[in-house]
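A short write-up of the structure that comes next.
The values are calculated or read from the model by the stated rules, or taken from the named source; none is laboratory data. Note that the structure is predicted; figures quoted are calculated from it, not measured. Backbone-built Cβ (ideal geometry, glycine too); neighbour counts: all protein chains shown. All accessible areas refer to the heavy atoms of the entire protein, side chains included, with ligands and DNA or RNA removed. Shrake-Rupley method; radii C 1.70, N 1.55, O 1.52, S 1.80 Å.
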Amino acid sequence: MSTKNDHSNDPLHAKKKAWSGRFSEPVDAFVLRYTASVDFDKRMAFADIEGSVAHATMLASVGVLSQDDLEAIKSGMAQIRQEIEAGTFEWQLELEDVHLNIEARLTALIGDAGKRLHTGRSRNDQVATDVRLYVRSEIDVILKRLEHLQEVMVAQAKRYSDVIMPGFTHMQVAQPVSFGHHLLAYVEMFERDRERLLDCRARVNRSPLGAAALAGTTYPIDRELSASLLGFEGVCQNSLDAVSDRDFAIEFCACASLIMMHISRLSEELITWMSQRFSFIKLPDRFTTGSSIMPQKKNPDVPETARGKTGRVYGDLTAMLTLMKGTPLAYNKDFQEDKEPVFDAIDTVKDTLRAFCDMMAGVEARPENMLQACQAGYPTATDLADYLVRHGMPFRTAHDIVGQVVREAGQRDCGLEDLPLDVLQSFSDLIGEDVYDVLKLEGSVNARNHLGGTAPAQVKYQVERWETIFSQRNH
């Protein structure tokens, strides 16, 4: 067996394509560059090796390959993997893609056994298999990073369960909430993102191997065996569908877009909270940058970059949908363009989650500024209305009366809790001294002590629930 990375005796390398028998002239050099994909699809090399070894193992089990050929293929693929890991593998543009590059090197290493590997399959089902294997492995990485971010956010929610901040609607102060409660809202969003990825993974994890070019193969293959060897949960049941659809990749890009949308919403809040107008939080210095001209600046570059990259992932989803919408069955060369958007979405989501795991762990709240901001906007007005309702007043009447109370406080330039009792009672004789308990921020927050409410007791309950979930996941 040859051990040198030498393609000189390889017919695939000698200016001759694996498919060139039908043609009378070579591919134009520009066309070769235009249509080649090896520069970007070589990242699927290990998936390609894994799929090829499984295919060879299956062929040997049904008697299409000899045991000697199988062992040679395994040995050659092991060497190719080592060369790729060491950075010594020679990627060749003339060989178009990752699949032919690996096949050519295998043939150079082990001779005719390498040429027999492609028996019973096409590049069409080979590519579809590689993409599914690659996306599956990357989904698993993203799931772990999502879970890590959830753990960080829950730890911060536990730390700040008693810190009160203004809750907003229409970016106007609405009602006081626990900062921990606010952070847990994103934990719930990321959990749905996680669930969607798990659902997507199940549809990714189906084997197209054995569909061949589009109609299957005449060889007595065992598709269930090759699927099992590759860890697939099922087999694509129609050969045309198996090689011609990329809906699983589109679904992944949709899941990635939703993750980035939630990250972008969090980014927007971090940017706002960090601004001098709010000063609700401090971001760690290592996630910020300065200005080239204004020495006082501390810019939230990581959240801003993530907010911008969200549009990039949306673009990846749009590109995939547009790519697929007009392609007839079965395989088309258009499908070569399916990889870069998926790769870009994977890289962007992974990097963004990594950054946010570290950054969110270092976020520090400024409780005094949050509390001060709560004083504006009369955040306990709804509590006063609820107080009147509990004392027998219809809600619509209470709503109208509280509006008058708010107007009075505005004229006096004070909070509702600062209005004298006699002034409050001038609006309704149902108001007693106990009204001040509900007008305090702490009273407002503590009063919402039900499942899903913002009361610190409920925040702590949710933290404990999530910690139990994390413990179960880790075991």
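If you count only protein heavy atoms with a 1.4 Å probe, what accessible area per residue comes out for region 299-442, rounded to a whole Å²?
49
Using label points projected 7 Å from each Cα along Cα→Cβ, tell me how many nm separate residue 137 and residue 318, to one decimal.
3.2
How much accessible area does residue 273 have with a 1.4 Å probe, in Å² rounded to the nearest 10?
10
For region 84-144, max minus min Cα coordinate along each principal axis, in Å, sorted largest first?
Ordered largest first, region 84-144 gives principal extents of 42, 30, 20 Å.
Summing +1 for each Lys or Arg and -1 for each Asp or Glu, what net charge is found among the other residues whose Cβ lies under 11 Å from the Cβ of residue 349?
-1
Could you tally the net charge around residue 175, taking each other residue with its Cβ under 12 Å from the Cβ of residue 175, Lys/Arg +1 and Asp/Glu -1?
That works out to -1.
Just for the Cα atoms in region 344-417, what are the lengths along the principal axes, largest first, rounded to whole Å?
Each principal axis gives a Cα extent; for region 344-417 these are 57, 27, 19 Å.
Going down the list 144/333; 115/325; 350/460; 42/282, which pairs span over 32 Å between their C-alpha atoms?
144/333; 115/325; 42/282
Between residue 219 and residue 361, what is the label-point separation in nm under the 7 Å Cα-to-beta-carbon projection?
4.8
Using a 1.4 angstrom probe with every protein chain in place, what is the largest-first accessible-area order of 368, 103, 71?
Largest accessible area first, the residues go 368, 71, 103.
For helix 179-204, report the angle its Cα long axis makes with the longest principal axis of the Cα atoms of the chain; keep it between 0 and 90° and round to the nearest 10°.
Its long axis makes an angle of about 20 degrees.
Show the residues, 5+ positions off or on another chain, whose built amide H is closer than 5 Å to the amide H of residue 289.
The list, which skips near neighbours in sequence, is 299, 301.
Taking the alpha-carbon centroid of each part, what is the distance from region 300-319 to region 452-466 in angstrom?
Region 300-319 and region 452-466 have Cα centres spaced 32 Å from each other.
Can you give the calculated 222 nm mean residue ellipticity of the chain, where each DSSP H run of n ≥ 4 adds -39,500 (n - 2.57) and the sum is split over every residue, rounded to the nearest 500 deg cm²/dmol?
That calculation yields -20000 deg cm²/dmol at 222 nm.
If you average 1/r over all unlike Cα pairs in the chain and invert the result, what Kirkwood radius do you get in angstrom?
Kirkwood hydrodynamic radius for the chain: 26.7 Å.
Could you give the distance between the Cα centres of region 228-266 and region 110-180, to the whole Å?
Here the answer is 13 Å between Cα centres.
Angle between the Cα long axis of helix 45-61 and the longest principal axis of the chain, 0 to 90 degrees, nearest 10?
In the chain, helix 45-61 runs at an angle near 50 degrees to the longest axis.
Rank-order 316-322, 422-428 by packing density, defined as the average count of other C-beta atoms within 10 Å over each peptide's residues, highest first.
Descending packing order for the listed peptides: 316-322, 422-428.
When N is the residue count of region 216-326, what does its C-alpha Rg come to as a fraction of 2.2 N^0.38 Å?
1.74
How far is helix 395-412 tilted, in degrees, relative to the longest principal axis of the Cα atoms in the chain, given as a value from 0 to 90 rounded to the nearest 10?
For helix 395-412, the angle is close to 70 degrees.
Roughly how many Å² of residue 450 are accessible to a 1.4 Å probe, to the nearest 10?
Here the residue's solvent-accessible area equals roughly 100 Å².
How much accessible surface area, in Å² rounded to 10, belongs to the heavy atoms of residue 461 with a 1.4 Å probe?
Rounded to the nearest 10, the figure is 110 Å².
With a 1.4 Å probe and every protein chain kept in, tell me what percent of the accessible surface of the chain is carbon plus sulfur.
Carbon with sulfur: 50 percent of the solvent-accessible area.
Given Cα pairs under 8 Å that are at least 6 residues apart, what percent is the relative contact order of the chain?
Result for the chain is 16 percent.
Only Lys, Arg, Asp and Glu count, each charged at its Cβ (+1, +1, -1, -1), so figure out the dipole size of the chain about its Cα centre, rounded to 20 debye.
In total the dipole reaches around 640 debye.
Given all pairs of different Cα atoms, what value in angstroms does the Kirkwood hydrodynamic radius of region 38-194 take?
19.2 Å is the Kirkwood radius here.
Say the dipole of region 39-126 comes from +1 at the beta carbon of Lys and Arg and -1 at that of Asp and Glu; which of 106, 44, 75 then lies farthest toward its positive end?
75
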